[in-house]
(Lines give C-alpha, C1' and ligand atoms only; values in the text may rest on other atoms or scores of the structure.)
Protein backbone atom coordinates (compact mmCIF):
# COMPACT_ATOMS: atom_id res chain seq x y z
CA UNK A 1 0.00 0.00 0.00
CA UNK A 2 2.81 2.41 0.88
CA UNK A 3 4.87 1.17 -2.03
CA UNK A 4 2.08 2.08 -4.46
CA UNK A 5 2.27 5.78 -3.54
CA UNK A 6 4.40 7.92 -5.83
CA UNK A 7 5.89 10.43 -3.40
CA UNK A 8 7.05 12.82 -6.12
CA UNK A 9 3.81 12.87 -8.15
CA UNK A 10 1.19 12.68 -5.39
CA UNK A 11 -1.84 14.89 -6.05
CA UNK A 12 -2.60 17.17 -3.12
CA UNK A 13 -5.90 19.05 -3.71
CA UNK A 14 -5.26 21.33 -0.73
CA UNK A 15 -1.95 22.82 -1.93
CA UNK A 16 -3.55 26.16 -2.85
CA UNK A 17 -5.14 26.67 0.58
CA UNK A 18 -3.59 28.41 3.56
CA UNK A 19 -3.15 26.19 6.59
CA UNK A 20 -4.81 28.86 8.72
CA UNK A 21 -7.93 28.84 6.50
CA UNK A 22 -8.13 25.05 6.62
CA UNK A 23 -7.75 25.27 10.40
CA UNK A 24 -10.68 27.68 10.63
CA UNK A 25 -12.86 25.25 8.67
CA UNK A 26 -11.85 22.48 11.05
CA UNK A 27 -12.74 24.68 14.04
CA UNK A 28 -16.20 25.35 12.60
CA UNK A 29 -16.76 21.63 12.15
CA UNK A 30 -15.69 21.05 15.75
CA UNK A 31 -18.71 23.06 16.86
CA UNK A 32 -20.99 20.86 14.72
CA UNK A 33 -19.37 17.73 16.15
CA UNK A 34 -20.26 19.06 19.60
CA UNK A 35 -23.77 20.07 18.55
CA UNK A 36 -24.64 16.71 17.01
CA UNK A 37 -22.94 14.75 19.81
CA UNK A 38 -20.74 12.64 17.54
CA UNK A 39 -17.03 11.95 18.10
CA UNK A 40 -13.94 12.13 15.92
CA UNK A 41 -10.72 10.13 16.12
CA UNK A 42 -7.79 11.28 13.95
CA UNK A 43 -4.82 8.91 13.90
CA UNK A 44 -1.42 10.27 12.85
CA UNK A 45 1.04 7.43 12.28
CA UNK A 46 4.09 7.08 10.09
CA UNK A 47 7.85 6.79 9.87
CA UNK A 48 10.14 8.17 12.55
CA UNK A 49 11.10 11.77 11.64
CA UNK A 50 8.18 11.99 9.20
CA UNK A 51 6.76 15.11 10.89
CA UNK A 52 3.97 13.65 13.03
CA UNK A 53 4.43 16.27 15.75
CA UNK A 54 4.50 19.09 13.18
CA UNK A 55 1.21 17.96 11.63
CA UNK A 56 -0.45 17.42 15.01
CA UNK A 57 0.50 20.93 16.15
CA UNK A 58 -1.13 22.34 13.01
CA UNK A 59 -4.26 20.24 13.56
CA UNK A 60 -4.63 21.43 17.15
CA UNK A 61 -3.86 25.10 16.51
CA UNK A 62 -7.44 26.22 15.84
CA UNK A 63 -9.32 23.67 17.94
CA UNK A 64 -11.05 24.38 21.23
CA UNK A 65 -8.96 22.50 23.85
CA UNK A 66 -12.04 21.94 25.99
CA UNK A 67 -13.30 19.30 23.55
CA UNK A 68 -10.11 18.18 21.80
CA UNK A 69 -7.07 16.32 23.05
CA UNK A 70 -3.85 14.75 21.80
CA UNK A 71 -3.15 11.21 23.02
CA UNK A 72 0.46 10.06 22.79
CA UNK A 73 0.88 6.33 22.19
CA UNK A 74 4.13 4.93 23.58
CA UNK A 75 5.36 1.61 24.89
CA UNK A 76 2.77 0.19 27.31
CA UNK A 77 3.42 0.48 31.03
CA UNK A 78 3.69 -2.61 33.23
CA UNK A 79 0.05 -2.20 34.22
CA UNK A 80 -1.04 -1.85 30.58
CA UNK A 81 1.05 -4.85 29.54
CA UNK A 82 -0.76 -7.00 32.10
CA UNK A 83 -4.10 -6.37 30.37
CA UNK A 84 -5.49 -7.07 26.87
CA UNK A 85 -3.53 -4.86 24.47
CA UNK A 86 -6.54 -2.74 23.42
CA UNK A 87 -7.48 -1.94 27.02
CA UNK A 88 -5.27 1.15 27.15
CA UNK A 89 -6.75 2.51 23.94
CA UNK A 90 -10.35 2.18 25.07
CA UNK A 91 -9.48 4.53 27.95
CA UNK A 92 -8.32 7.20 25.48
CA UNK A 93 -11.26 7.07 23.07
CA UNK A 94 -12.97 10.51 22.79
CA UNK A 95 -16.40 10.85 24.33
CA UNK A 96 -19.33 11.99 22.21
CA UNK A 97 -18.89 15.58 21.08
CA UNK A 98 -15.09 15.47 21.34
CA UNK A 99 -12.15 15.18 18.94
CA UNK A 100 -9.09 13.08 19.81
CA UNK A 101 -5.83 13.05 17.89
CA UNK A 102 -3.66 9.97 18.39
CA UNK A 103 0.10 10.38 17.98
CA UNK A 104 0.62 6.83 16.68
CA UNK A 105 -2.14 4.30 17.06
CA UNK A 106 -3.68 0.94 17.92
CA UNK A 107 -1.08 -0.51 15.55
CA UNK A 108 1.91 0.52 17.67
CA UNK A 109 2.58 -3.02 18.86
CA UNK A 110 2.33 -4.62 15.43
CA UNK A 111 4.36 -1.92 13.67
CA UNK A 112 7.24 -2.12 16.13
CA UNK A 113 7.52 -5.89 16.49
CA UNK A 114 9.31 -7.67 13.67
CA UNK A 115 9.06 -10.94 15.59
CA UNK A 116 5.27 -10.94 15.77
CA UNK A 117 3.91 -14.21 14.40
CA UNK A 118 1.48 -14.25 11.49
CA UNK A 119 -1.15 -15.77 13.78
CA UNK A 120 -0.73 -13.06 16.43
CA UNK A 121 -0.69 -10.31 13.82
CA UNK A 122 -3.93 -11.51 12.24
CA UNK A 123 -5.54 -11.86 15.68
CA UNK A 124 -4.52 -8.32 16.66
CA UNK A 125 -5.77 -6.89 13.37
CA UNK A 126 -9.08 -8.75 13.80
CA UNK A 127 -9.48 -7.29 17.31
CA UNK A 128 -8.66 -3.78 16.08
CA UNK A 129 -11.10 -4.19 13.18
CA UNK A 130 -13.88 -5.12 15.60
CA UNK A 131 -13.04 -2.12 17.79
CA UNK A 132 -12.99 0.36 14.91
CA UNK A 133 -16.24 -1.07 13.48
CA UNK A 134 -17.94 -0.74 16.86
CA UNK A 135 -16.81 2.88 17.13
CA UNK A 136 -17.89 3.62 13.55
CA UNK A 137 -21.35 2.14 14.19
CA UNK A 138 -21.62 4.39 17.25
CA UNK A 139 -21.26 7.51 15.05
CA UNK A 140 -17.52 8.01 15.45
CA UNK A 141 -15.61 9.45 12.49
CA UNK A 142 -12.32 7.53 12.24
CA UNK A 143 -9.57 9.06 10.10
CA UNK A 144 -6.22 7.26 9.75
CA UNK A 145 -3.15 8.93 8.25
CA UNK A 146 0.27 7.40 7.62
CA UNK A 147 3.04 9.93 6.92
CA UNK A 148 5.37 8.48 4.31
CA UNK A 149 8.93 9.63 3.59
CA UNK A 150 11.76 8.22 1.51
CA UNK A 151 14.83 6.55 2.95
CA UNK A 152 16.94 9.54 1.91
CA UNK A 153 14.65 12.06 3.59
CA UNK A 154 14.55 10.09 6.83
CA UNK A 155 18.34 9.82 6.90
CA UNK A 156 18.77 13.54 6.21
CA UNK A 157 16.37 14.53 9.00
CA UNK A 158 18.04 12.22 11.48
CA UNK A 159 21.48 13.58 10.52
CA UNK A 160 20.18 17.13 11.05
CA UNK A 161 18.95 16.20 14.53
CA UNK A 162 22.30 14.65 15.39
CA UNK A 163 24.01 17.96 14.60
CA UNK A 164 21.44 20.05 16.50
CA UNK A 165 22.41 20.58 20.15
CA UNK A 166 18.80 21.38 21.02
CA UNK A 167 17.27 18.56 19.00
CA UNK A 168 19.64 15.61 19.35
CA UNK A 169 18.01 14.46 22.58
CA UNK A 170 14.82 13.75 20.59
CA UNK A 171 16.59 10.90 18.80
CA UNK A 172 15.98 7.39 20.12
CA UNK A 173 17.46 3.98 19.43
CA UNK A 174 14.25 3.17 17.56
CA UNK A 175 14.83 6.12 15.21
CA UNK A 176 18.33 4.97 14.35
CA UNK A 177 17.36 1.31 14.02
CA UNK A 178 14.47 2.15 11.72
CA UNK A 179 16.70 4.30 9.54
CA UNK A 180 19.30 1.52 9.30
CA UNK A 181 16.60 -1.00 8.36
CA UNK A 182 14.38 1.16 6.15
CA UNK A 183 13.55 -1.47 3.52
CA UNK A 184 12.70 -4.07 6.14
CA UNK A 185 10.31 -1.61 7.81
CA UNK A 186 8.85 -0.65 4.44
CA UNK A 187 7.75 -4.24 3.80
CA UNK A 188 6.47 -4.57 7.38
CA UNK A 189 4.46 -1.32 7.35
CA UNK A 190 3.05 -2.08 3.91
CA UNK A 191 1.79 -5.46 5.11
CA UNK A 192 0.11 -4.00 8.21
CA UNK A 193 -1.58 -1.16 6.34
CA UNK A 194 -2.92 -3.60 3.74
CA UNK A 195 -4.40 -5.80 6.48
CA UNK A 196 -5.96 -2.87 8.35
CA UNK A 197 -7.27 -0.83 5.43
CA UNK A 198 -10.91 -1.34 6.39
CA UNK A 199 -13.79 0.03 4.34
CA UNK A 200 -15.17 1.93 7.34
CA UNK A 201 -11.73 3.26 8.39
CA UNK A 202 -9.25 3.24 5.49
CA UNK A 203 -5.68 4.49 5.66
CA UNK A 204 -4.65 7.71 3.91
CA UNK A 205 -0.97 7.50 2.98
CA UNK A 206 0.44 11.05 2.90
CA UNK A 207 3.80 11.91 1.29
CA UNK A 208 5.58 14.00 3.94
CA UNK A 209 8.76 15.08 2.16
CA UNK A 210 7.40 18.61 2.61
CA UNK A 211 5.96 19.04 6.09
CA UNK A 212 3.80 22.04 5.20
CA UNK A 213 2.16 20.28 2.24
CA UNK A 214 1.63 17.15 4.34
CA UNK A 215 -0.01 19.28 7.02
CA UNK A 216 -2.30 20.93 4.47
CA UNK A 217 -3.38 17.53 3.18
CA UNK A 218 -4.08 16.14 6.65
CA UNK A 219 -6.11 19.17 7.77
CA UNK A 220 -7.98 19.48 4.46
CA UNK A 221 -8.80 15.78 4.24
CA UNK A 222 -9.89 15.80 7.90
CA UNK A 223 -12.28 18.67 7.13
CA UNK A 224 -13.77 16.78 4.17
CA UNK A 225 -14.11 13.48 6.04
CA UNK A 226 -15.60 15.03 9.19
CA UNK A 227 -18.16 16.86 7.03
CA UNK A 228 -18.90 13.57 5.29
CA UNK A 229 -19.30 11.88 8.68
CA UNK A 230 -21.74 14.56 9.81
CA UNK A 231 -23.75 14.10 6.60
CA UNK A 232 -23.89 10.33 7.18
CA UNK A 233 -25.00 10.90 10.78
CA UNK A 234 -27.81 13.22 9.68
CA UNK A 235 -28.88 10.77 6.95
CA UNK A 236 -29.02 7.94 9.49
CA UNK A 237 -31.21 10.02 11.77
CA UNK A 238 -33.54 11.03 8.94
CA UNK A 239 -33.95 7.37 8.01
CA UNK A 240 -34.67 6.41 11.62
CA UNK A 241 -37.29 9.15 11.95
CA UNK A 242 -38.97 8.20 8.66
CA UNK A 243 -39.05 4.53 9.71
CA UNK A 244 -40.50 5.58 13.07
CA UNK A 245 -43.24 7.57 11.35
CA UNK A 246 -43.99 4.65 9.01
CA UNK A 247 -44.40 2.30 11.98
CA UNK A 248 -46.74 4.74 13.74
CA UNK A 249 -48.77 5.19 10.56
CA UNK A 250 -49.05 1.44 10.00
CA UNK A 251 -49.83 0.60 13.63
CA UNK A 252 -52.44 3.31 14.19
CA UNK A 253 -53.89 4.62 10.93
CA UNK A 254 -53.69 1.27 9.17
CA UNK A 255 -55.75 -0.45 11.86
CA UNK A 256 -58.68 1.98 11.91
CA UNK A 257 -62.08 0.42 11.34
CA UNK A 258 -63.69 2.72 8.76
CA UNK A 259 -67.12 1.23 9.48
CA UNK A 260 -67.23 2.84 12.93
CA UNK A 261 -69.35 5.96 13.50
CA UNK A 262 -70.51 8.25 16.31
CA UNK A 263 -73.77 10.01 17.01
CA UNK A 264 -74.30 13.66 16.09
CA UNK A 265 -74.55 14.62 19.77
CA UNK A 266 -71.21 12.94 20.60
CA UNK A 267 -69.58 14.64 17.62
CA UNK A 268 -70.84 18.10 18.65
CA UNK A 269 -69.75 17.61 22.26
CA UNK A 270 -66.21 16.34 21.50
CA UNK A 271 -65.13 17.90 18.19
CA UNK A 272 -63.07 20.76 19.69
CA UNK A 273 -61.26 18.45 22.10
CA UNK A 274 -60.44 15.95 19.34
CA UNK A 275 -59.25 18.70 17.00
CA UNK A 276 -56.81 19.89 19.69
CA UNK A 277 -55.50 16.34 20.15
CA UNK A 278 -55.01 16.02 16.38
CA UNK A 279 -53.04 19.29 16.29
CA UNK A 280 -50.83 18.08 19.16
CA UNK A 281 -50.09 14.83 17.32
CA UNK A 282 -49.26 16.73 14.12
CA UNK A 283 -46.92 19.00 16.09
CA UNK A 284 -45.08 15.98 17.51
CA UNK A 285 -44.48 14.67 13.99
CA UNK A 286 -43.18 18.08 12.92
CA UNK A 287 -40.66 18.58 15.71
CA UNK A 288 -39.29 15.03 15.41
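Those residues that are touching a residue at least 12 places away in the same chain (Cβ under 8 Å) and loosely packed, with under 13 Cβ neighbours inside 10 Å, I need them from the range 91-114; list them, please.
Within the range 91-114, 95, 114 meet the criteria.
Do we have any residue at all in the range 31-51 that's free of Cβ contacts under 8 Å to residues at least 60 places away in the same chain, assigned to a helix (DSSP H, G or I) and surrounded by 13 or more Cβ atoms within 10 Å (Cβ to Cβ)?
no
All but one of (1) modelled with pLDDT of 95 or more; (2) over 18 Å from residue 45 (Cβ atoms); (3) touching a helix residue (DSSP H, G or I) at 6+ places or on another chain (Cβ under 7 Å) hold for residue 201, so report the exception by its number.
It fails just one condition, (2).
Is it the case that the range 70-90 has a residue that's closer than 21 Å to residue 137 by Cα and not in a helix (DSSP H, G or I)?
Looking through the range 70-90, at least one residue is closer than 21 Å to residue 137 by Cα and not in a helix (DSSP H, G or I).
Of these, 81, 117, which one is out of contact with any strand residue (DSSP E or B) (no Cβ under 6 Å at 6 or more places or on another chain), without any contact (Cβ under 8 Å) to a residue 40 or more places away in the chain, over 19 Å from residue 134 (Cβ atoms) and surrounded by 10 or more Cβ atoms within 10 Å (Cβ to Cβ)?
81
The values are calculated or read from the model by the stated rules, or taken from the named source; none is laboratory data. These figures come from a predicted structure and were not determined experimentally. Using ideal geometry, Cβ is built from the backbone for each residue, glycine included, and neighbour counts are taken over all protein chains shown.
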